[in-house]
Amino acid sequence: VQLQASGGGLVQVGGSLGLSCKVSGGTFSNYVMAWFRQAPGKEREFVAGISRGGGSTDYADSAKGRFTVSRDNNKSTVYLQMHSLWAEDTAVYYCAADRFLRNTRAFSSEYGHWGKGTQVTVSS
């Protein structure tokens, strides 16, 4: 399965940005999906996750109230809508997928498929 993230860019503090991740090569609805991010010099960290049907979501504390994860199984795409962005949100954002997880998990090692990442830069 292949994952292609897009939508990154440069935005000012307090602004909004939406990311998309298109999945191909597999039955999208079979996969738990998640977004992670990695800032320079830091470990990759969980941002948000969504269940196969989209009915259950999970967020890192830093994302709660500001980010929304969603998916469209007809389009094989997962989204991350980000609002009230901080400079600390600057990172490369990755989408991840796994067919065998029962629920979303916050550990990157549990996801078997990854996209290449898209850069999000929040400037002050």
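The values are calculated or read from the model by the stated rules, or taken from the named source; none is laboratory data. Quick caveat: nothing in here was measured; it's all calculated off a predicted structure. Cβ: placed from backbone, ideal geometry, glycine included. Neighbour counts: every protein chain shown. Please note that ligands, DNA and RNA were not included when accessible areas were found on the heavy atoms of the full protein model with its side chains. Shrake-Rupley method; radii C 1.70, N 1.55, O 1.52, S 1.80 Å.
Before moving on, here are some points about what is shown:
- Charges were assigned to the Cβ only: +1 to each Lys and Arg, -1 to each Asp and Glu. The resulting dipole of the chain about its Cα centre is roughly 300 debye.
- Solvent-accessible area of the stretch 1-79 (1.4 angstrom probe, protein heavy atoms only): carbon and sulfur portion equals 43 percent.
- Using the Cβ of S109 as centre and a radius below 13 Å, the other residues enclosed give a net charge of -2, where K and R count +1 and D and E count -1.
- Under 5 Å between amide hydrogens, built in the peptide plane, is the criterion, and for L19 it picks out L80, Q81, M82 among residues at least 5 positions away or on other chains.
- Rounded if a/c under 1.5, otherwise prolate or oblate - the chain, Cα gyration tensor axes: prolate
- Residue (of A39, Y79, Y59) at the positive-pole extreme of the chain, dipole from beta-carbon charges: Y79
- Accessible surface, per residue, of the chain when the full set of protein chains is kept, probe 1.4 Å, Å²: 52
- DSSP-defined beta bridges in the chain - what % are antiparallel, rounded to 5: 90
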